[in-house]
Every structure is written in C-alpha cells, then in structure tokens.
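Here the structure comes first, spelled out in structure tokens, and everything after it is commentary.
Every read-out reported here was derived from the displayed coordinates using simple, explicitly stated rules and does not represent laboratory data. It should be emphasised that the depicted structure is a prediction, and the values quoted were computed from it without experimental measurement. Cβ atoms come from the backbone with ideal geometry, glycine included; neighbour counts cover every protein chain shown.
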Amino acid sequence: MTSNEKGSWQTPKPTDTWKDVPRAGVIPRGGNASEYITGGWRTFRPIYNADICIQCRLCWVFCPDSSIMVNEDGEVIGMDLDHCKGCGICAAECPKEGAIEMVSEEY
Amino acid sequence: MNLATQPENRVALTGNEAVAHAMKQINPDVVAAYPITPQTEIVQIFSGFVADGDVDTVFERVESEHSAMSAAVGAAAAGARAMTATSANGLALMWEILYIAASNRLPIVMPVVNRALSAPINIHCDHSDTMGARDSGWIQLFSENAQEAYDNTLQAIRIAEHPDVELPVMVCLDGFIISHAMDNLFMLPDEMVTKFIGLRKPEYSLLDVDNPATYGPLDLQDWYFEHKRQQVEGMKKALDVIPQIAVEYEELTGREYGFFEAYRASDAEALMIVLGSTAGTAKDVVDAMRDEGHPVGLIKLRTFRPFPMQQLVSALAGRRAVAVMDRSDTFSTAGGPLFHGVRHALYDCERAPLTSNYIYGLGGRDVKPHDLRKVFDDTLRMGESGRVSQPITYLGVRE
Ligand code: SF4
Ligand code: SF4
C-alpha cells in the first residue's frame, strides 16, 4: 500500500484495486470534505445573473451546501458548481426574479 | 510444571466472574456498557475493579446498548483498546453499530452471554442472539465452559488487533449454564497476560492531531465494494491468525485451541457437531457410548465466524453420518445456521457424510444425556441405512 503513507496520500486512481486503498475507507488526512465533488448529483443548475442581483445575500444564508461563492467583500459572485447539488433553495429564496434561474442540466 | 497451571493460579469462578477477571487483566482503555441479564454481572464486577482502582479503564455508563457499541466504536477509532459486553436483546439493539464497528475495522472485543431473543420473554440460553449477528462481520468464538470463556477473551484481543485482521470479536458463552455456574479454572498471572496481549498499535488514531485521519467517510458506488472486499480479506486472514495465536497461547498454558476440538472423532462413523456448553454433556455421552462399542465422536466448533469450511470438510470427509446441533433456528424451514454452514461446506466433498439437523435447547430448554444419546442412535442408524429420513428434528420439544 503505497498510496496512503501519512501526508502523501492521494485520492485513489480508477486503476487502483481493493489492495491499494486504505482500509475501511479511512482517509489519512483531515479536512477533506471539500474534495468530494458532489456537483455531479445535480439535475438543475443555478444560473447567476449579477446584473439583477441586489446583494442581499439571502442565497448565501440559505444554501445548505455552502455553494454560494462570495468575494473578499462578501459579495455574491456565483455558485460553486463542483459542490452545488442543484436543490434550488437559493432561487426560491432570492427576492429578485431572474437573479438566480434554475435550468435543467443536459447530459 | 507450566507456570500457568500451577496450583496458585487455579480458581473457582463463574463464567461471568472469569470473563470479568480476564477484562481486569486486559485493563482496556475504555469500557462502555449497559446491563442486561445474564451478562450484567460481567460489567458489574468489572465496574468494581474500576472503582477500586485496579484498572486504568475509562468506564462509561451509557443509556443503551446502541450507545455502548457507539462509544466503543468512537474509542476504538481514537486508538483505544475498547470493550463492552451484552446479551440477547441488548445485542439486537446494537445491530446497526455492530456493522459499523466491523466495517470500520475496529478491533473491539465483546463477550456475549448467549440468551434467547424475545418474544415471549425469556432470559435463558440459546444462540439466537449471536446467530442473528453472524453476518455482521464480527469474528465469533464459542466457549464450552468458564475456562474457555476466559481463554477466548484473552486470545480475542490478539486476534482482533492483529494487523492482518483488524476486526471485532464476540466471545460467546452460554447464559446461566456457563455465566452463572461455578467452575474450576486456571488463570494466567497478570504479568503474563500483559505480556501476551501487548499494546494496541493502531494504524490511525482520531486523537493523533499531528496526523489527522477521517473515519467513516461517504463511500458510494466508486469504492464501497473494494472496502467490502478488504473486509472479507480480514476474515480470510483471521483463518491464518486464529491458529497462530492459539499456538502462542498453548505455549503459555498447555491448553490447545483451534477452529474446533475433535473429541474421539478420528475413527468415528457418526459425528455430532455442536457449539458451546452442550459439548460437555456430549463428551460424556460419547464416552459412555464408546464403552459400549459405538463408533461415535464429537466436533465442538469454536470458530463460527470465520467459518472454517475446509478444515471441517477434512474432519468430516469419509464419515457415514453427521448430526448438526443448532441452538437457534433461522425460521427458513431449511434448518439452523450451523446446519446451513456444514451442509454447504460438504457439497463439493466427494466422500461427504449424510447430514441431519437438530434444533434444540431453545429458551434454555435443558438438553440431557439421553437426548444426545438419541441423536447419536439416530445418526448411527442414518449412516447404516444410507439415507436421511428426517433432515430437521426439533429435539426435546413437546410433540
Ligand atoms: S441550488 Fe442549492 S446547492 Fe446549489 S447553490 Fe443554490 S441553494 Fe446552494
Ligand atoms: S438572494 Fe438573489 S438578490 Fe440576494 S444576493 Fe442572492 S442572488 Fe443576489
């Protein structure tokens, strides 16, 4: 098992086998939840329209996946599509029609 | 004379007392437990050792068995040597967490004092509790008497924590028959136990803040299957490790352990396979029938999980007939869990004996020498006739 030496652990490659990955799914590092890309679970994608947004930040408050991205000044700048699961809560809570639109993901 | 069998190490203890003393000698880092008959005494006696300062254990009094196993899981993931004990419905309440302990490869050792599951409510011995957990990924060792319960508890620590295994172990002992009956046994001196079990060396620890690790992450279609395959490998490796630890233990104590004990079995034509305390009665019956010239013998299975399929096949090949004794039922109408394992193991055996199943002793129903003699008589007859007239018999029930 070379891939899980402490500190140098890498996400398993698709060619790895059950012999290569750490036992029991242990990840030999902490603070790695953000590396789990959950964006692929999405059926609907939020489209952010900065021209309509009034920066009330309600979407940022309500997003259950911490996927509303803000800049240094705390201003909404869009969605983190690697982690946004497409629940549509941001669009439902947004007071400005058209600031967030949910569109179907097309595969 | 072997140090471990010197007279000063000979004690009279009940099964529960013997296990509590084994736990005292193990001195686990954490014990989390909830009382349930007939296990209660183990933890009650152990809590006395905690109160008296005889052990360094952090003793957690939790609100249920679900919490007891959860606390043991957390402690074991932190790197601790964690133990608990339970019986029957307590084990059933741990159900969800049993799987989590095994799949997280946490070497928790848990004595289980076998008791019937409700309903109707019954506190006496049968194996339906641990048989219900037979596919949870735990290693299961069965004991014939207090000596074996003690010896199995000590060996369980080594088996569970072996780096090739890293799986939890249930040490099964029959409720009341072993747990509450006074027995005569040898204990190891404390320092011998300390040396034998050594220190747990976990690969990862939740408390190692310099090397943080994440336990129990989400694991979906991508790698879950691989982790299950690894878990099977742990069980396969246990088939190598269990005899190795037994050899080491025998060097200390002179007491022999393996996957099973074959009693007057080498030339027997009719064999009985049994788990737990019934083996003691069966040995007496074998002796009596041997004196009368009947070629009978006994296999007392110690290791039910992993199931030592090949070793059993070697022991059974070429015999005429085998009676498989189950102290629990599967309610499948296809026989008990041990019967399923044994018959399955024999399917590819060219010289397979005929097999029949006896469900007995449910809810603590006594099994007496004349009951077992009837089983041997039937089994000898089955061997002579060359056919199984009754595959499943409910032994000792009012018909
Ligand atoms: S759709 Fe849901 S998950 Fe995605 S950004 Fe909006 S609130 Fe967050
Ligand atoms: S809720 Fe709508 S208007 Fe408010 S910050 Fe978010 S996108 Fe802009």
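Observations on the structure shown:
- Rounded to 5, the percent of DSSP beta bridges in the protein assembly as shown classed as antiparallel: 35
- For the range B:349-399 and the range A:41-85, distance of Cα centres in Å: 70
- For the range B:260-394, the gyration tensor built on C-alpha atoms gives a rounded shape. Its axis ratio a/c (a ≥ b ≥ c) stays under 1.5.
- Shape of the protein assembly as shown, Cα gyration tensor, a/c cut at 1.5: prolate
- Global geometry of the range B:25-175, whether rounded, prolate or oblate, following the gyration tensor of its Cα atoms and the 1.5 cut on a/c: rounded
- Of the chymotrypsin sites (Phe, Trp or Tyr not before Pro) found in the range B:290-362, those in coil by DSSP whose Cβ has at most 16 other Cβ atoms within 10 Å are B:331, B:347.
- For the range A:39-104, the Stokes-Einstein estimate of translational diffusion at 37 °C and a viscosity of 0.692 mPa s comes to 284 µm²/s, using the Kirkwood hydrodynamic radius over alpha-carbon pairs.
- Highest-first arrangement of B:119-131, B:165-177, B:211-223, where packing means the average Cβ count within 10 Å: B:165-177, B:119-131, B:211-223
- Residues of the range B:207-226 with amide N under 19 Å of a point placed 7 Å along Cα→Cβ from residue A:37: B:218-224
- Shielding of A:29-42 by partner chains, average beta-carbon count, 10 Å: 2
- Estimated from helices alone, the mean residue ellipticity of the protein assembly as shown at 222 nm is -10500 deg cm²/dmol (sum of -39500 (n - 2.57) over DSSP H runs with n ≥ 4, per residue).
- Segment residue B:349..residue B:63, full-extension length gain: 98.1 nm, with 0.36 nm per residue of separation and the alpha-carbon distance subtracted.
- Residue exposure proxy: A:13, B:283, B:236, B:374, ordered by other Cβ atoms within 10 angstrom of their Cβ from fewest to most, comes out as A:13, B:236, B:374, B:283.
- For the cross-link pairs A:19/B:237; A:13/A:85; B:24/B:195; B:24/B:201; B:283/B:368, the ones whose C-alpha atoms lie over 18 Å apart are A:13/A:85; B:24/B:201.
- Length-normalised contact order for chain B - Cα pairs under 8 Å, 6+ apart - percent: 16
- Of the residues B:98, B:117, the one with the fewest other Cβ atoms within 10 Å heads the list, and the complete ranking is B:117, B:98.
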